[in-house]
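Structure record follows, encoded as C-alpha cells.
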Amino acid sequence: MKSDTIRSLSLDLPKIESHSGRQWGDLIIGCTASAVVAVLQGGACAACIGQNDPTAFRDTHDGDLKVVEAVGFNFRITSYNKSQTWEVYGVWDVNCVATVDFNVPGKPNPPPVNLKMTMYVMQSTDEHLSRLGFEFTDPTSTLAPPTQPLNFWVLEKWPKPQPARSTIDMKAKTCIDTPLFRSLVVNDMHDGDEKALKVKGNALHITPYNNKQSWNVDATFGDDCVASVNFNVKGKPNPPPVPLDAQVWGMVSIAGLDKVAVLFSDPSGTIASEHITLNAWVPSNDKKVNADATPASFHV
C-alpha cells in the first residue's frame, strides 16, 4: 500500500534514543500496552506499534536491523542500512496481523512466498521491561508448517516504561512452564533449527531437537528469569565464544495468543553490545507440536 501519507514519512534513521523515559512511557501506556483497546477504538496513534516515528527492529534471522513506520494500520518496512533502498508496504488487520510480500526491487534474498507477520506485546518476567516483537510464519506451508515461526524481529531499543499489562501470568513458580514429562520445543531463529527446553524450578536444561546432534547445556535462572548460558560444550557445533544471557519474555498477540520467548544477548560485549538481541527462541503456535514432543530424557 503506497499511500501518500506513508511516503511522506521521514527516511532518516530511527532516533529512538530521543524519547525520554516519560515520553516513551506515555506512548506505551497510551497506545501499545493498551493495544487491544486502541486497535478496536481506532486511536490517534499508530494503531499497532503505538507511534508514528521510524522504529528499529532487530531481525534475529538476518542479523541486521529493519525499520517499521506506521500511519494507522498502514505500514512501511525498510532497511536500517541506507545502502539498501527497498521498501515493503502492508496493512495490519484489527489483530495486528499482516501479509507481507518481501519480493520487491532491491531486496536481497526475499522469501519465495508472502509471509504472515504477527505482532506481539512482550514483557520481561520481572515486569520491569516491555517491548514489541514481530513473528513471521508461512501460511502456504511452502517453507515450513504455518504454525512454525520462521523469523522473529525484536524492538531494538526500549527505555524502561511503566509495566505493560498482559494476560500472561508473570508470577509463575518457574520462568518457563514446560510439560511435566516432556520438553518445550522452540524454534531457533539464528540457527534455523529446533531446541528442546526443560525447566524444573530455576534449573534450565537445553538439548538439540529433531536432528542427529548429541549435546546438552545446563544453566540456572535468576530471580529476574535471566540465565547465563555457556554453549561451549562437547558436541555443540559452532558455539558462541562467550556465555550468553538468556532472558525469558512473556508475549501476547492482539488476537489473544500468548507464549514465551527466550532472547539472547552478550553481557560481555564481545560479540555485540549487551543491549543487542543476538537470537530469539520462539515456540510453535501449534500446541500439538509440544504436546507430542519427544520426552526430554531422549536427548540427554
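The values are calculated or read from the model by the stated rules, or taken from the named source; none is laboratory data. Computed from a prediction, not measured in an experiment: that's the story for all the values here. Cβ atoms come from the backbone with ideal geometry, glycine included; neighbour counts cover every protein chain shown.
Tabulated values for the structure
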| quantity | calculated |
| --- | --- |
| Qualifying positions in the range 30-82 - under 19 Å from residue 251 (Cβ atoms), modelled with pLDDT of 70 or more and among the hydroxyl-bearing types (Ser, Thr, Tyr) | 55, 60 |
| Matching residues in the range 112-130 - criterion: being modelled with pLDDT under 95 and crowded, with 17+ Cβ neighbours inside 10 Å | 121, 122, 123, 124, 125, 129, 130 |
| Pick from the range 198-214, criterion in a strand (DSSP E or B) and either in contact with a Pro (Cβ under 9 Å, 6 or more places away or on another chain) or without any contact (Cβ under 8 Å) to a residue 40 or more places away in the chain (or both), ranking: farthest from residue 147 (Cα to Cα) | 203 |
| Per-region count, the range 130-145, residues in a loop (DSSP other than H, G, I, E, B), touching a residue at least 40 places away in the same chain (Cβ under 8 Å) and touching a strand residue (DSSP E or B) at 6+ places or on another chain (Cβ under 7 Å) | 1 |
| Residue 109 polar (S, T, N, Q), closer than 19 Å to residue 59 by Cα and modelled with pLDDT of 95 or more | no |
| Some residue of the range 167-180 being touching a strand residue (DSSP E or B) at 6+ places or on another chain (Cβ under 7 Å), at pLDDT 95 or above and within 24 Å of residue 150 (Cβ to Cβ) | no |
| Within the range 215-229, considering residues that are among the acidic types (Asp, Glu) and in a loop (DSSP other than H, G, I, E, B), the one farthest from the chain's Cα centre (by Cα) | 223 |
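This table checks each residue for (1) farther than 22 Å from residue 62 by Cα; (2) among the aliphatic types (A, V, I, L, M).
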{"site": "194", "(1), (2)": "no, no"}
{"site": "213", "(1), (2)": "yes, no"}
{"site": "242", "(1), (2)": "no, yes"}
{"site": "267", "(1), (2)": "no, no"}
